[in-house]
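This report concerns only the one structure given below.
The values are calculated or read from the model by the stated rules, or taken from the named source; none is laboratory data. A quick note: this is a predicted structure, and the numbers were derived from the prediction, not measured. Methodologically, a virtual Cβ is constructed for each residue, glycine included, from the backbone with ideal geometry; neighbour enumeration extends over all protein chains shown.
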Amino acid sequence: MNQQNSALPILPIGVLKSLWRGTEVVTNRPALLLIPVLLDLVLWLGPHVGVAMLIDPIVKFLTQNQGVAALSAEETQAALASLASMAKHLNLLAVLAFFPLFPPSVMATRLPLLTPWGQALLIQIQSPLAYIALILLLGLAGMMLGSAFWGLVARALSTPRGARFEIREWLRVARNVIVLAVGAGLGAMIVGGPIVFGVGLVGVSSAVLGQILLVLMGGLVLWVLMFFVFSLHGVVLNSESIMRAMSKSAEVVRWSYPSTLSLVLMSALVLMGTNAVWALPEESSWVGVVGVLGNAYTSTALVAASLIYYQDRRRWVEELRRYLEARARKPQPVVERNGEAKNG
């Protein structure tokens, strides 16, 4: 029995230390900010693809048939105002940053209309089929871009000289990311459909019971999803398949659920707090560049911190498992009747 297997594993680092190390990685390798910065500049300064052709028919229908939707006059007016604002602000290019932190973007949520040199160039597409095709292409491009971003951050953790871009590794990560996204979408429909139907069925008889059931089912789904929060991490760090990465994610979270939940909640709070600050500059002011850079820094640091956290927690779980297995295989002393012990 070697000494490594029989020694107690070194305790993993905590959430705060992971966050601190994540900021160190980004500070030492500012090139990691390139992808999120360029994405935000495109969404802010580049042309905007409007969706008025998709929303205008809905607005017209609600205007002409206000009684059909079973809404009051005030509710109808609020819905029309919301749809009008959506048609005005929504930029289809924001699909590039559809997934949270994938890649991180502040302009995808802000959806500005103005640039420092005036109104943004607006492109309206006339065909619904063109909209569908563009959404699919932009979604695919966003996943490819996000795969490059996550891959570069992961490489920065393992390569002493910093991040290097490798096309083969990028394509491998992108393939697994697309599979993961499609699987997540199918899973959401399979699981979410019955939940929505059940909550709606209960809500017909009792609105209170429907809300309670919705909260309970939502909490259960979030609890289960927490076990797979590091699925992407295994793909980009260890070149693993989706199924193995999900299995390892569940194993790591099972051994450190409270700490992992703290990391997720703290990261969400940091994102919400800092995004409120980065969105303060006016759309038409070049001061908005500060918000773009700030969002890229904090978001990339959080990604790096989550990778560092997962990498060290997985190391600890594997060492702990080997230690427990070695303890189980170690011969136990046998106690004889006279009280003396001897090795079995």
Looking only at the range 11-57, and only at residues there that are closer than 23 Å to residue 264 by Cα and not in a helix (DSSP H, G or I), the one that is modelled with the lowest pLDDT: 11
Members of the range 126-170 found to be in contact with a helix residue (DSSP H, G or I) (Cβ under 8 Å, 6 or more places away or on another chain), of a type in the set (Gly, Ala, Ser) and either modelled with pLDDT of 85 or more or not assigned by TED's automatic domain parsing to the domain that holds residue 43 (or both), listed by number: 139, 141, 142, 146, 147, 148, 151, 154, 156
Residue that is farthest from residue 133 (Cα to Cα) [pool: residues in the range 65-96 that are outside any helix (DSSP H, G or I) and at pLDDT below 75]: 72
Close pairs from the range 194-205: first exposed (fewer than 14 other Cβ atoms within 10 Å of the Cβ), partner small (Gly, Ala, Ser), Cβ under 9 Å, at least 6 apart: 200/210; 201/210; 204/210
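Results for (1) surrounded by fewer than 22 Cβ atoms within 10 Å (Cβ to Cβ); (2) under 30 Å from residue 119 (Cβ atoms), shown as yes or no for each residue.
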residue: 245; (1), (2): no, no
residue: 255; (1), (2): yes, no
residue: 258; (1), (2): yes, no
residue: 288; (1), (2): no, yes
residue: 294; (1), (2): yes, yes
Scan of the range 101-151 for residues that are polar (S, T, N, Q) and farther than 20 Å from residue 44 by Cα, ordered by number: 126, 127, 147
Qualifying residue in the range 265-273 (condition: under 14 Å from the mean Cα position of the chain (by Cα), crowded, with 18+ Cβ neighbours inside 10 Å and part of a loop (DSSP other than H, G, I, E, B)): no
Single match in 292, 236, 253 (criterion: assigned to a helix (DSSP H, G or I) and free of Cβ contacts under 8 Å to residues at least 40 places away in the same chain): 253
Output for the range 232-251, where each listed residue is touching a helix residue (DSSP H, G or I) at 6+ places or on another chain (Cβ under 8 Å), modelled with pLDDT of 90 or more and among the hydroxyl-bearing types (Ser, Thr, Tyr): 249
